[in-house]
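J.: Dropping a structure here in structure tokens format, bear with me for questions.
A short reminder: the numbers here are calculations on the coordinates, not readings from a lab. It should be emphasised that the depicted structure is a prediction, and the values quoted were computed from it without experimental measurement. Please note: Cβ atoms are built from the backbone with ideal geometry, for glycine as well, and neighbour counts cover all protein chains shown.
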Ligand SMILES: NC(=O)c1ccc[n+]([C@@H]2O[C@H](COP(=O)([O-])OP(=O)(O)OC[C@H]3O[C@@H](n4cnc5c(N)ncnc54)[C@H](OP(=O)(O)O)[C@@H]3O)[C@@H](O)[C@H]2O)c1
């Protein structure tokens, strides 16, 4: 179902490498039907017209179809088709992060009830095999944390801003020109896409349904080239990180720009590359790195799932039990988080300003680690200061920042970023 960027790649692989794939499985794998919206659209590679249909029932009620691949995207009608396919006893492979993040548990129990497989490796990290690893190879671990760069569009933009001190809107326009960002990039820029993916990873790691709405989100739109300059001076890169942690029976999931030490591996993940670091009690830190989107990497994940299912059907026809998401940990609000912070302010350029700000931060139990004074502007009689803090509680930082913003000498609070050690 779907013959776009991903579906086109999957169809090309199934049609072009049918013999090789069939050999890997030990039985033929045949592409029977492809659901599209517009059967007259020009396709690359060309697809035999008799394979195309605009009627989902040609697939969902076709007894000779054993596996359905959903690569349409969006929640509806995709989620409804997945339910129908599973209810009809068909195995399912999907690349749909939005559906899996929102409806994963229902679909997984439907798969279980109908004795079929539901695999979704391509929903996170394109060609990086992270989903299957969390469901299988890393299952012995208690997962301490997941930290990842799981949106290639934002990582491309941040890399441009860091390496060339390009401003956000220019970097976004370049990403759009090169096909790395969609015409409407909102879902990427505001962290929604990463929140869907983190919800999937955290659900698998912590064995309970983490909803996309449980993920705290801050987009990258407020970053300016100067933040990258200051961060570098302080020894950090700025990356949009997706982070899930569990402490004392509570799970905190968040997506936001973070300062990452320049010598950390995640600081070196550039351009459209993705990386996910999983820290487990047994495996220690494991790093997955690779292309997180695009036709070929995503095809690798979808066809890999298809082969896995087909091998299982070949064995005894019984599916592997689905991951159990029956945990009941609470979701920790970001207010309780303790982190170090980077704060950039524009202030009146006269004596005593820093003392006023330091007093408010001190009252909030926030201790200052470093101060940089930058870019004095004689015309507006303002100066820019960058403060980093020692570990402090998010709620006190937000409250102190509200008070700081109200000071007469403070012209603007430009940015508050969290530092990830
Ligand atoms: N693109 C990537 O790199 C990537 C990476 C990982 C995961 N994914 C996920 O993979 C899925 C597909 O992404 P994509 O980039 O391949 O999307 P896409 O290029 O927009 O393709 C969507 C395809 O689905 C068909 N379609 C959409 N709605 C339909 C409907 N109601 N009925 C019938 N056909 C319908 C379209 O048909 P027409 O061609 O006739 O318009 C099109 O062929 C999404 O869930 C996405 O999040 C994508």
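J.: Tell me, what is the FRET efficiency for residue 358 and residue 326 to the nearest 0.05, using R0 = 45 angstrom and their Cβ-Cβ distance as r?
T.: 0.40
J.: Another question about this same structure. Determine by what factor the alpha-carbon radius of gyration of the chain differs from 2.2 N^0.38 Å, reporting the quotient.
T.: Ratio of Cα Rg to 2.2 N^0.38 Å: 1.10.
J.: What number in nm² do you get for the stretch 1-100 if you take the convex hull of its Cα atoms and divide its surface by four?
T.: 6.3
J.: Counting other C-beta atoms within 10 Å, which of 22, 330 has the fewest, and how do the rest follow?
T.: Fewest-to-most ranking of 22, 330: 330, 22.
J.: If I stretch the segment between residue 412 and residue 316 completely, what's the gain in nm (0.36 nm per residue apart, minus their alpha carbon distance), one decimal?
T.: Length gained, residue 412 through residue 316: 28.0 nm.
J.: Write down, largest first, the equivalent ellipsoid semi-axes of the stretch 336-419 in whole Å, where each equals the square root of 5 times an eigenvalue of the alpha-carbon gyration tensor.
T.: They are 22, 12, 11 Å, listed from largest to smallest.
J.: What is the calculated FRET efficiency for residue 395 to residue 58, with r their C-beta to C-beta distance and R₀ = 41 Å, to the nearest 0.05?
T.: 0.15
J.: Let me ask you something else. Which whole-number percent gives the relative contact order of the chain, counting Cα pairs below 8 Å spaced six or more residues apart?
T.: 17
J.: Turning to a different aspect of this structure: Which of 86, 372, 306 moves most in a GNM of the chain, Cα contacts under 10 Å?
T.: 372
J.: Once you put a point 7 Å from the Cα of residue 51 and another 7 Å from the Cα of residue 76, both along the Cβ direction, what distance in nm separates them?
T.: 3.1
J.: Quick one: if you take sqrt(5λ) for each eigenvalue of the C-alpha gyration tensor of the stretch 133-291, what semi-axes come out, biggest first, whole angstrom?
T.: Square roots of five times the eigenvalues give 27, 17, 14 Å.
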